[in-house]
4 protein chains.
Amino acid sequence: MTYEEARQLARGNMGHCHACPVCDGRGCKNTIPGPGSKGTGTVATRNFDAWQSIYLNLDTIAPDKGIDTSIEIFGEKFDLPVFAAPIGAVTNHYGTKYNEYEYTEIMTRGCRQAGIAAFTGDGLNEMFFEAGCAALEKSGCAIPTVKPWHKDLVFKKIDYAKARGAKAIAMDIDASGLPFLKAMTPPSGSKSVEELREFIEYAAIPFYIKGVMTVKGALKALEAGAAGIIVSNHGGRVLDHTPATAAVLPAIADAVGSRMQILVDGGIRTGHDVFKALALGADAVLIGRPFVVALYGGAEDGVAAYARKLKAELADCMAMTGCASLSDIDRSVICHG
Amino acid sequence: MTYEEARQLARGNMGHCHACPVCDGRGCKNTIPGPGSKGTGTVATRNFDAWQSIYLNLDTIAPDKGIDTSIEIFGEKFDLPVFAAPIGAVTNHYGTKYNEYEYTEIMTRGCRQAGIAAFTGDGLNEMFFEAGCAALEKSGCAIPTVKPWHKDLVFKKIDYAKARGAKAIAMDIDASGLPFLKAMTPPSGSKSVEELREFIEYAAIPFYIKGVMTVKGALKALEAGAAGIIVSNHGGRVLDHTPATAAVLPAIADAVGSRMQILVDGGIRTGHDVFKALALGADAVLIGRPFVVALYGGAEDGVAAYARKLKAELADCMAMTGCASLSDIDRSVICHG
Amino acid sequence: MTYEEARQLARGNMGHCHACPVCDGRGCKNTIPGPGSKGTGTVATRNFDAWQSIYLNLDTIAPDKGIDTSIEIFGEKFDLPVFAAPIGAVTNHYGTKYNEYEYTEIMTRGCRQAGIAAFTGDGLNEMFFEAGCAALEKSGCAIPTVKPWHKDLVFKKIDYAKARGAKAIAMDIDASGLPFLKAMTPPSGSKSVEELREFIEYAAIPFYIKGVMTVKGALKALEAGAAGIIVSNHGGRVLDHTPATAAVLPAIADAVGSRMQILVDGGIRTGHDVFKALALGADAVLIGRPFVVALYGGAEDGVAAYARKLKAELADCMAMTGCASLSDIDRSVICHG
Amino acid sequence: MTYEEARQLARGNMGHCHACPVCDGRGCKNTIPGPGSKGTGTVATRNFDAWQSIYLNLDTIAPDKGIDTSIEIFGEKFDLPVFAAPIGAVTNHYGTKYNEYEYTEIMTRGCRQAGIAAFTGDGLNEMFFEAGCAALEKSGCAIPTVKPWHKDLVFKKIDYAKARGAKAIAMDIDASGLPFLKAMTPPSGSKSVEELREFIEYAAIPFYIKGVMTVKGALKALEAGAAGIIVSNHGGRVLDHTPATAAVLPAIADAVGSRMQILVDGGIRTGHDVFKALALGADAVLIGRPFVVALYGGAEDGVAAYARKLKAELADCMAMTGCASLSDIDRSVICHG
């Protein structure tokens, strides 16, 4: 099975998602529930477009040493620096084909097959977080992602995830503006550096803050003790009119890249985009929507096929720019259009 | 009632205005009478587009302190830094549904309901200015705006407005090129700093000069003793080929922002745009056409609904960028695309 | 009669020219014979577009002193700094409605009516130059423009023009690449500084070099003793892929503007464009195609109507930017988009 | 025969190639087999577009000395600085009208007729390289281009070419990512500076490295002893998302232009583009697809006609910018849009 075959099979079976040939946010703008981004819907598109304006510096005068796309992160070695992004409420956004448990289990199995891992999601319904932890327990290759709830609930979820074997945990801090979070009692939402530090110390496993878009935010995450950040605007789903993640990544990498890990998501669709993200300073990337399409069309084989496609493209970019391993990929191998 | 409901009801009942889904000047270019902008009609569109190229710096690592959108200005406290722009000759531009008195009274009542105020207009017909002052007298929340007539008429209008309770007054100096003003005897039109100073001293209440687009103009307004300026190109209706207000605002704010108040209008449609205007250095904004649409579709409830929408969007932008009050909104919370 | 009425009447009566609502080179690209520009046809469009990206700095805080659009140049006073550009071979490009004599006489009469003058053309057919000189003799308001022929022919044409009363003469040096010039014996074409100096000294009346697009070229014209230059790419008709005249004008004006007169043409269509050209450093402008349209649709009244329209727009721009006379128009009254 | 006539005749007879009126990569994106570029297909288009944003500095104040477009390179004198690019596997990409031997022989005959030469290609099928060498033997005007095979095969091909009279040889190093090369045993692909030096010393005739897109790569080619490089991204056919060749050429020319020859290809279609490439620092250019179209439509006469068209356009650009010979063409005769 190829990704394209999986995508064809997914069409018509994904609720609000059209499984478009090019997943650039143009077909689903402002579709929530569904895969769209908020308001004008331009953020998802901007994310996608930003990668297109970064070009690769072809250079094949280089020793022919073979290509290694592997990465060590989260205390493990993975076949490529790509992870499936956390997705919650799949029945709400993608229709009733899979429930949360089925979705999460298939995703982690597909990732395991491809030598990578998945971030799993969270939500108002307790089942969302539990489904992710169940998949983690079975597969061993998931990173649970907790929302910025009030303190007690965050502690409880950290305990729950660790009990299922979590080696790392993430919090999508940018979810603080979601209506269901703001409506809770006691209130959920944005967290100060001190509050984050409390969570991080309590967790005592590597903790990643997802939803950082500024140098200032990255420095706060560092100050709070995070093992890393995920440069992300939540695919445009939490605030309209943000910049593209590719646009803010370089300055963030320059400021904190030597002191913490940096992952990035937003509009990354091909191995070329993965290569560009690494060149701009990311250690690894998260990809959301296309993994969902691959899963709805091809189940775990679809997920693995998409990862294989990414790996082949990444390896090709590396070979054609004279990079033998991920550590060779720096800003000298790209330029801007 | 929501703004969208009001807009739907307005369609077909607004003369030359189509009450478009996105009010960006594209549907009405060069339509005068009507809501269009002059000549090529590109100024209204440029105003709108300029806000779209300013992006918000998402950052939710911040204490969760609640959001305050209120502002003190014109000697009063308002719920949000948004005011309805002065509109004159409504039967000419928007059809016969409301006369000037009805329009102005409904607008000020809607503004009062939403905790804001309206600027009211002026024109060749004495009734235009009187209607605004009548609404001011009833609601207490209007700022009369006088055109740059010859000296005696300006004095007379200042007296008239003060007698109806005006706490502040404005002059749209950029109206000096309108044909009916140029045709008057004695001549009306542009005013020197000395002439403006005479008006301002005579008024003896805070005086705002509307239609400033350059640092030089802002410095002249300051020299004349104005309490503030409104950075405005009159929505493109007095001169074709001007820059966007968002483009000139930052330099003007840098030059005079610490010494006088700065308001801005032109293409501001959402709370995101309001947020961006404040980030670029404005104290508050004026909005024209969408308030007219809201009024024609939903009367005072439509006006209030539009203001509520703006407030919710503004509060969301503040929460998602870590701003608890308007004074937290500075240039660090935005970037340019 | 208005220009718009003349344009409507011209439609269908102008050979290869469509008399488009907006004369921006898009409707006639690569149409030669006809009014088009050469090759890709993008130069005419680029000329036009360049003026659109220059914006006017609205500022009406200024004394109301009245507006004076007049200029002294070529030893005369004109009502506005606009001249009709030289056009040759009208039957070839615009059909058979007028022959060269009729065209030139009507154009100069229209210009005289409007208080301006026309440059007249030249070509392989002796009649082209003679028609212009005949119109000069009758109207007194024409500047004959000679092509870069071989020396003897240039001398002969200078004599001819002076005998008909020429107070100034021009040479469109950029015509040197036209096939009919290159095919002549003895060869015609580009001229060295020395050759130009010989022409200029022989003429002993103010001599203008038309078709200068670089600082280097302007300095050579200055060295040769020209009274002025016309910054021009011949409307895109002699070389594809040149920059817009508006793009090269500022540097040329900075380099030689204090030492010689600078005129400019290329895509100037409105009084706003005239204003922008002056702001960038031109003393006056030439306009080609729209004057032709005005003439074919409205004869001399059409020409005068177009000039009146330009004057009203120019005066409006001046009033709205605080400029009382042409000498007030400098680079501070515009900005770039 | 003109190029346009040849193109019309070629339509429908070129397999996957449409022989488009403007060969800009838009009609064939991602068509491989066929003339398309890889993946998104944007590289071919970007190559083409980059030349369009470079403008010519019209200047005809210059002595009229005649125009010389000739060049000395590869130990010979050619009529213009243009060479046909190497194309392999023509039946695969352009249908069955010509086999490799016929194609190559016609191409070199057409080039000979026009006073230029062709680079000939290589591929998995030995016949591809042999066909080029056969044409070289007959015409004397071909530069064989060898792919980056394993060492023994490269040596063998160098011997083969020299035995047929090669005065220069090229290697398209950027072909190292082609699937058939990567699949070989022993492995073919990218080469270190040391490996290249071995080839170059073994060849002992001028050796050109094709597929250099960075200053770093150019310096490596220099270090390896190459006589020159061809700045090329292989028309977008070996790696998606590379920059345009016109975008990287100037920096490469600045770095190594005084120490080795620089050729460039990618989207060059007209004599204007040739002129621009030389102005940016190239000594000569290669052109691929349009020569193929010319050949399929007009055989050797089509090839010669296309070269004549290029020469006339180049000569016109030179005359209109005051350049008498190729050495006059420097960066002062162009500007960027």
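Overall form of segment D:90-147: oblate. Here a/c, set by the Cα gyration tensor axes a ≥ b ≥ c, is 1.5 or more, and a/b is not larger than b/c. Expressed in Å, the radius of gyration and Dmax of the Cα atoms of segment D:50-90 are 16.0, 49. Placing +1 on each Lys and Arg Cβ and -1 on each Asp and Glu Cβ, with no other charges, gives the protein assembly as shown a dipole about its Cα centre of roughly 1240 debye.
Rg over Rh for segment C:283-324 works out to 1.09, both radii taken from alpha-carbon positions and Rh defined as the Kirkwood radius.
Peptide B:209-221 has a mean of 4 when you count, residue by residue, the C-beta atoms of other protein chains within 10 Å of its C-beta. Shown here are the Rg and Dmax of the Cα trace of chain C, at 18.5, 62 Å. When Rg and the Kirkwood radius Rh are both evaluated on Cα atoms of the protein assembly as shown, their ratio Rg/Rh stands at 1.01. The spacing between segment A:205-278 and segment B:205-261, judged by their C-alpha centroids, is 38 Å. Per the Kirkwood formula applied to alpha carbons, segment D:8-53 shows a radius of gyration over Rh ratio, Rg over Rh, of 1.00. Counts of other chain beta carbons within 10 angstrom of each beta carbon in peptide C:48-59 average 6. Diffusion coefficient (Stokes-Einstein, Kirkwood radius over C-alpha pairs, 37 °C, 0.692 mPa s) for segment C:212-337: 214 µm²/s, rounded to a whole number. Averaged per residue, the protein assembly as shown has 34 square angstrom of accessible surface, using a 1.4 angstrom probe with ligands and nucleic acids left out. For the peptide B:187-195, the mean number of other protein chain Cβ atoms found within 10 angstrom of a residue's Cβ is 4.
Could you tell me whether segment A:252-316 comes out rounded, prolate or oblate from its Cα gyration tensor? Rule is a ≥ b ≥ c as square roots of the eigenvalues, rounded for a/c under 1.5, then prolate if a/b exceeds b/c, otherwise oblate. Verdict is prolate for segment A:252-316.
Among complete DSSP H helices in chain D, those whose alpha-carbon atoms stretch at least 30 Å along the helix's long axis and whose mean Kyte-Doolittle hydropathy reaches 0.0 are D:289-320. Mind running the shape call on segment B:21-158? Use the C-alpha gyration tensor, a ≥ b ≥ c as the square roots of the eigenvalues: rounded below 1.5 for a/c, prolate if a/b tops b/c, oblate otherwise. Because a/c hits 1.5 or more and a/b fails to exceed b/c, segment B:21-158 counts as oblate. Kirkwood analysis of segment D:1-77, using all unique Cα-Cα pairs, places the hydrodynamic radius at 16.0 Å. The orientation-averaged projected area of the convex hull spanned by the Cα atoms of segment B:91-189 comes to 6.2 nm². C:K210: which aspartates and glutamates have alpha carbons under 16 Å from its alpha carbon, excluding same-chain residues fewer than 8 sequence positions away? Within reach: C:D122, C:D172, C:D174, C:E195, C:E223, C:D265, C:D283, D:D59.
Accessible surface of chain A, 1.4 Å probe: 53 percent of it comes from carbon and sulfur atoms.
Farthest toward the positive end of the dipole of the protein assembly as shown, out of A:A279, C:L295, C:L58, is the Cα of C:L295, where the dipole comes from beta carbon charges about the Cα centre. Summarising the overall dimensions of segment B:215-263 from its C-alpha atoms, the Rg and Dmax are 10.9, 30 angstrom. Placing +1 on the Cβ of every Lys and Arg and -1 on the Cβ of every Asp and Glu, with no other charges, gives segment B:116-249 a dipole of roughly 140 debye about its Cα centre.
Give the C-B buried accessible area in Å², both sides summed, 1.4 Å probe, nearest 100. Counting protein atoms only, the buried area is about 1900 Å².
In chain A, the DSSP-assigned H stretches of four residues or longer account for a calculated mean residue ellipticity at 222 nm of -13500 deg cm²/dmol, using -39500 (n - 2.57) per stretch and the full residue count as denominator. Of all beta bridges that DSSP places with both ends in chain A, some 20 percent have antiparallel geometry. Among the lysines of segment B:79-206, pairs at least eight places apart or on separate chains and with Cα atoms under 15 Å apart come to 10.
The values are calculated or read from the model by the stated rules, or taken from the named source; none is laboratory data. Keep in mind the model is a prediction, meaning the values are calculated, not measured. Glycine also receives a Cβ, built like all others from the backbone with ideal geometry; neighbour counts cover every protein chain displayed. Side chains included, ligands, DNA and RNA excluded: accessible areas come from the protein's heavy atoms. Shrake-Rupley method; radii C 1.70, N 1.55, O 1.52, S 1.80 Å.
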